[in-house]
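Some notes on the structure that comes next.
The values are calculated or read from the model by the stated rules, or taken from the named source; none is laboratory data. Quantities reported herein were computed from a predicted structural model and do not represent experimental measurements. All Cβ positions, even for glycine, are placed from backbone atoms using ideal geometry, and neighbour counts span all protein chains on display. Calculation scope for accessible area: heavy atoms of the full protein, side chains included, ligands and nucleic acids excluded. Shrake-Rupley method; radii C 1.70, N 1.55, O 1.52, S 1.80 Å.
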Amino acid sequence: PGKLSKVPAHSRAATVVDHFTSEPLLNATFVVISPLFLLDQEKSLLVDAAKHRHRAPAIRYMARRARSKLFGDTGEPLLAVHIRRESTNLGCAKDRRFVACNDPGRTVSTAEILNAIVRAAANANVRQVYLAHAGNGPSHLIGERYALITALRDKGIDARSASQHGELARLLGSKDAAEPFCVSLVEQEICVDADAFLPSARSTWSATVI
């Protein structure tokens, strides 16, 4: 308690392993917080670390309650969908289109996302869909979450979401659930526990779930 140890950015796997298997961290219980790219694409190390990661009991509890309140305790399978929209060009790339790109000519349209969700729901044989969609993104996509939920329901799919500010807190009756970071963690846990997951490419949020 009270000690902090940092691994230099862009460290190779051998350096990271040495850091946590020698003093002062030898035999310690520790938490590693790092974006994926800081580990220099050492996928095997990330996969091994993920086996030991568990979200806090409070987050897991809120995720179970949220799913129960949204869909009931029917036991029906759930498809979780993460839609990552950006207001900047952070998610853009040459010669490919991504949901996270803000350029209308290089993004994936709402209609295409709708069709992808419908296909994924059919492939997974599910009727319930949770949308993790915070509503961020360019102005021409304002209202996309509501449009998707409406269109999915018109197709007989029970689509629901608690991504917008204050929705999760009202759903659970918890002030803690009003914090954006808490909402993000709870939604990730809902996605982890879902029977099927449809991610957004170029999103570390989706990559964490996977």
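Test LEU36 against the stated conditions and say whether it is modelled with pLDDT of 60 or more and not hydroxyl-bearing (Ser, Thr, Tyr). Criteria not met by LEU36. Segment 109-210 holds helices (runs of 4 or more DSSP H) entirely within its bounds, and those carrying 3 or more residues that are more than 19 Å from ARG60 (Cβ to Cβ) and of a type in the set (A, V, I, L, M) map to 110-124, 144-154.
In segment 162-174, how many are hydroxyl-bearing (Ser, Thr, Tyr) and either touching a Ser or Thr at 6+ places or on another chain (Cβ under 6 Å) or open to solvent by 20 Å² or more (accessible area, probe 1.4 Å) (or both)? Final tally of qualifying residues: 1. Could you grab me the full set of residues in segment 65-100 that are under 18 Å from LEU114 (Cβ atoms), modelled with pLDDT of 90 or more and outside any strand (DSSP E or B)? Listed by number, the residues that qualify are ILE83, ARG84, ARG85, ARG97, PHE98, VAL99. May I ask you to verify whether VAL47 is among the hydrophobic types (A, V, I, L, M, F, W, C), closer than 30 Å to ALA122 by Cα and either modelled with pLDDT under 75 or out of contact with any strand residue (DSSP E or B) (no Cβ under 9 Å at 6 or more places or on another chain) (or both)? Yes. Among the residues of segment 125-136, those that are closer than 14 Å to ALA159 by Cβ and at pLDDT 95 or above comprise VAL126, ARG127, GLN128, VAL129, TYR130, LEU131, ALA132.
Would you be able to tell me the number of residues in segment 82-118 that are closer than 22 Å to VAL192 by Cβ and of a type outside the set (A, V, I, L, M, F, W, C)? Adding up the residues that qualify gives 3.
Confirm whether VAL81 is free of Cβ contacts under 8 Å to residues at least 12 places away in the same chain and within 20 Å of LEU131 (Cα to Cα). So VAL81 fails the test. Residue count for segment 128-161 under the criterion of being loosely packed, with under 13 Cβ neighbours inside 10 Å and acidic (Asp, Glu): the result is 1. Residues considered: PHE197, PHE181. Of these, the only one that is touching a strand residue (DSSP E or B) at 6+ places or on another chain (Cβ under 7 Å), over 20 Å from ALA111 (Cβ atoms) and not polar (S, T, N, Q) is PHE197.
From the list ALA100, ALA66, ALA93, ALA116, the lone residue that is among the aliphatic types (A, V, I, L, M), surrounded by fewer than 17 Cβ atoms within 10 Å (Cβ to Cβ) and within 18 Å of the chain's Cα centre (by Cα) is ALA116.
One residue stands out among those in segment 184-197 that are more than 13 Å from ARG64 (Cα to Cα) and under 10 Å from the mean Cα position of the chain (by Cα): the one that is most open to solvent (accessible area, probe 1.4 Å), which is PHE197. Return yes or no: is PHE20 in contact with a strand residue (DSSP E or B) (Cβ under 9 Å, 6 or more places away or on another chain), modelled with pLDDT of 70 or more, open to solvent by less than 80 Å² (accessible area, probe 1.4 Å) and among the hydrophobic types (A, V, I, L, M, F, W, C)? It is false that PHE20 is in contact with a strand residue (DSSP E or B) (Cβ under 9 Å, 6 or more places away or on another chain), modelled with pLDDT of 70 or more, open to solvent by less than 80 Å² (accessible area, probe 1.4 Å) and among the hydrophobic types (A, V, I, L, M, F, W, C).
Could you look through segment 198-208, keep only residues that are of a type outside the set (Ser, Thr, Tyr) and either surrounded by 20 or more Cβ atoms within 10 Å (Cβ to Cβ) or in contact with a Ser or Thr (Cβ under 9 Å, 6 or more places away or on another chain) (or both), and pick out the one that is farthest from ASP73 (Cα to Cα)? This residue is TRP205.
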